[in-house]
Amino acid sequence: MATAANLPPAVAEEAAVGAAKTARTQVQRNNRQGRTKVSAPLTGLMWLIVAIYAFPLLWFILSSFKPGSELFSYPLSMIPREWTFQGFMDAWERVDFAQYFLNTATVAIITTVLTVFFSACTGYALAKYNNKGTRLFFVCILATTMLPTEVILNPTFTVIRDLGLYNSLAGIIVPSVLTATGVFMFRQFFLTVPDDLLHSARIDGASELAIFFRIMLPISKPILFTLAIFSFQWRWNDYIWPLIVLNDPKWYTLQVALRSIVGAENIDWPVLLGASVISILPLVLVFFVFQKYVLNADVSAGLKD
Amino acid sequence: MTNPTMSSTVTPETLRTGGPVRSKSQLKRRNRYVIAPLILIGVNVVLFLVFFVWPGALGLIYSFTDYRGVGRLNFIGLANFQKLFADSSFYAALSRTFLYTVLSVPLTYVSSLGVAALLTSKAVRGRTAAKIVIFLPWLISPIVVGVIWKWLFGQDFGFVNFVISLVGGNPVPWSSNGNLALAVVIFAAAWGGTAFNMLLFIAALKNIPEALLEAAELDGASAWQRFRNVTLPGIAPTSFMVILLSTIHAMKEFPMIQALTNGGPGTENTLIVQYIYKTGFEQAKVGYASAASMVLMVVLLAIALIQLRFNRKKA
């Protein structure tokens, strides 16, 4: 673990340097803009790749509007010959999808709020207080990235059961609050905040916690949004935790429910297609509203959770 | 925890130079430098102990027992590990996982870097729209990624086989041939994994000083030479991170393959996490599965250490 500790500081530095450089590269970019010509072959290549990436999803979504009889009738056509919402309606009503949707939303929203808040607290403490305790905990957080849930499935189940969290949404929410990525994101951000700000607040007599809540938390808003979106995506799409924790179908989340449809002996494709497309929608919506926080984020640390 | 020597924010020098009154107020301040961060990290410390240390230790203990989910722990020494190293299905799962990793990581790396390079090149039109489209798979859960590719590569009903039959070919057994099924899983992994790594690469590529690239261009370096000798070394830390993260991610691949092939055909493409899940939960051999988990953990650690060392040597 100790050797791995060398990674994030380097990454943090990179991020900080990157921020400082943005202004400079902006100028250089404008200088270059004038003489760089648009290249047709490169543009063509780019859009060919875009088409390849878009196709599986496009084909999937268009298929979900086809009636069951058309799904398997050769020759297949790209555009549905007959448009229908039957698959969506069946998924929503027959499979109790509304309930799964609600469960998933509950888990994703509550966990995200908690993750963002506690990651901010921890990240700030790790960045601005340098003592044995915080240094040790930093290494501990690093260690968690080496011990993914996948490696401790059975013992995790035992812990969840012994805590009385088995078969409840709390069993998914509570263990998911601590994420190394969230803590690292905030730590890196707060490392770039000048200590002077902290010192002057102290001289003005502000208490340590007041400094955090009144000054530091508000200025970390961009990171806050970025982590919120990442966390929402992780929890919405999470499969392993719900799989271990939930047993009763009434608590199922979307991913577990989808898995049970696709794992069936005879897959009900019209329902599966409809259900899958519905499950993607909320994230697409969130993404298009907040995309700048994702696409422009100076993401560095292990943001995959 | 309130022991003043714990804090290093105030150096001993400043203490010694201050008078007795001052050092008393400094003592108070030092205390709050210890207590405040403790309050801030408190919840996460508890979560860390309960959901990492506890299951981690439990897993280690389980791996030396024949625990089956109920009853008392019965220690059997290294028997689980001995059995594991003689278990051909364990080797099959482990080697299949290695194969999957070795094939999918380079593909993901090349596609993410290629896309990122195109997206940061000023010679390309419509980069913002392209970026959004290529990023979309990030929003899609591994389960649904599996479903999407299962639908696309369905043996009897998939679009790909339909096109192959249109141009006169025979339908390809995408799900009944083990290697072809693995190939589909690899494509799906690259499709789903590109988006995020692409973001990392875009950030790294933007940080390469344009002056360096311009100087190389003036010296007559071709586009490929510039990429090879300026860009690639410039993004080495990011490359390292992407490869490390993708490797670890691939080693513990589980949901996507569950939806796509469920380890099939048969158990041919059962990867290691799926093997652990099957033995640990479906067959309730908790001790045995924990031993397999320990092996996986050691492998993950080894990968991280090897890559870290490799990275150091290069730097």
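Coordinate-derived values only; no laboratory data. Nothing here was measured: the structure is a model prediction, and the numbers come from that model. FYI the Cβ positions are ideal-geometry reconstructions off the backbone, even for glycines, and counts take in every protein chain you see.
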Have a look at A:Phe117, A:Gly44, A:Tyr252 and report the one farthest towards the positive end of the charge dipole of chain A, computed about the Cα centre with Cβ charges (Lys/Arg +1, Asp/Glu -1). A:Gly44
At what distance in nm do the modelled label points of B:Leu73 and A:Phe288 sit from each other, each positioned 7 Å from its Cα along Cα→Cβ? 5.3
Taking springs between alpha-carbon atoms closer than 10 angstrom, which of B:Arg127, B:Arg72, B:Arg32 fluctuates most in the Gaussian network model of chain B? B:Arg32
Want the number for B:Val46 to B:Lys206: 0.36 nm per residue separation, take away the alpha-carbon distance, what's left? 53.7 nm
Going by the alpha-carbon gyration tensor, a ≥ b ≥ c the square roots of its eigenvalues, is the protein assembly as shown rounded (a/c under 1.5) or, if a/c is not under 1.5, prolate (a/b greater than b/c) versus oblate? oblate
Could you give the longest part of chain A that holds none of the GluC sites (Glu not before Pro) found in DSSP loops with at most 13 neighbouring Cβ atoms within 10 Å? A:83-264
1/(1 + (r/R0)^6) with r = Cβ-Cβ of B:Ser222 and A:Asp196, R0 = 41 Å, i.e. FRET efficiency to nearest 0.05, evaluates to 0.30
Any idea what angle helix A:40-64 forms with the longest principal axis of chain A, computed on alpha-carbon atoms, 0 to 90 degrees, nearest 10? 60
Quick one: Cα convex hull volume of chain A, Å³ per residue? 194
Positive-end extreme of charge dipole, segment A:87-305 - chosen from A:Gly133, A:Phe232, A:Ala201 (charges on Cβ): A:Ala201
Lys, Arg +1 and Asp, Glu -1 on Cβ, resulting dipole of chain A about Cα centre, debye, nearest 20: 1160
In terms of modelled amide H atoms, which long-range or inter-chain residues lie less than 5 Å from the amide H of B:Val124? A:Ser39
In deg cm²/dmol, rounded to 500, what helix-only [θ] at 222 nm does chain A give when every DSSP H run of at least 4 residues adds -39500 (n - 2.57) and the total is split over its residues? -22500 deg cm²/dmol
Partner shielding of A:236-242, taken as the mean number of other chain Cβ atoms within 10 Å, equals 4
For chain A, set up a GNM with springs between Cα atoms under 10 Å and report which of A:Ile244, A:Ile61, A:Ile52 has the largest fluctuation. A:Ile52
Counting Lys and Arg as +1 and Asp and Glu as -1, each charge on the Cβ, what is the dipole of the protein assembly as shown about the Cα centre in debye, to the nearest 20? 2100
Amide proton proximity set for A:Asn131, modelled H, under 5 Å, gap of 5+: none
Long-range amide H partners of B:Ser175, meaning residues 5 or more apart or on another chain whose placed amide H is closer than 5 Å, are B:Gln155
Give me the inter-chain shielding for B:253-260: mean count of other chain Cβ atoms within 10 Å, whole number please. 4
Distance between modelled label sites at A:Ile267 and A:Phe117, nm, 7 Å Cα→Cβ extension: 4.1
For the modelled label position 7 Å from the Cα of B:Val102 along Cα-to-Cβ, which residues of segment B:176-208 have backbone nitrogen atoms closer than 14 Å? none
Cβ-placed point charges (K, R +1; D, E -1), dipole of segment B:80-314 about Cα centre in debye, nearest 20: 440
Along the dipole axis of chain B (charges at Cβ: +1 for Lys and Arg, -1 for Asp and Glu; origin at the Cα centre), the most positive-end residue among B:Leu308, B:Gly280, B:Thr128 is B:Leu308
Candidates A:Val271, A:Val289, A:Val256: whichever shows maximal mean-square fluctuation once chain A is modelled as a Gaussian network with Cα springs under 10 Å: A:Val289
Of the DSSP H helices in chain B, those whose Cα atoms cover at least 30 Å axially and whose Kyte score averages 1.0 or more: B:88-120, B:178-206, B:286-314
Whole-Hz Karplus ³J(HN,Hα) for segment A:76-93, in order, using 6.51 cos²θ - 1.76 cosθ + 1.60 and θ = phi - 60°, x for Gly and Pro? 6, 10, 4, 8, x, 6, 10, 8, 8, 9, 4, x, 5, 5, 4, 4, 5, 8
Counting only Cα atoms, I'd like the Rg/Rh figure for segment B:80-314, Kirkwood definition for Rh. 1.04
If you take each beta carbon of peptide A:256-264 and count the beta carbons of other chains within 10 angstrom, what is the mean? 4
What FRET efficiency, computed as 1/(1 + (r/R0)^6) with R0 = 60 Å and r the Cβ-Cβ distance, is obtained for A:Asp248 and A:Ile52, rounded to the nearest 0.05? 0.90
Taking segment A:87-305, how many lysine pairs are there with alpha carbons less than 27 Å apart, if each pair must be eight or more places apart or span two chains? 5
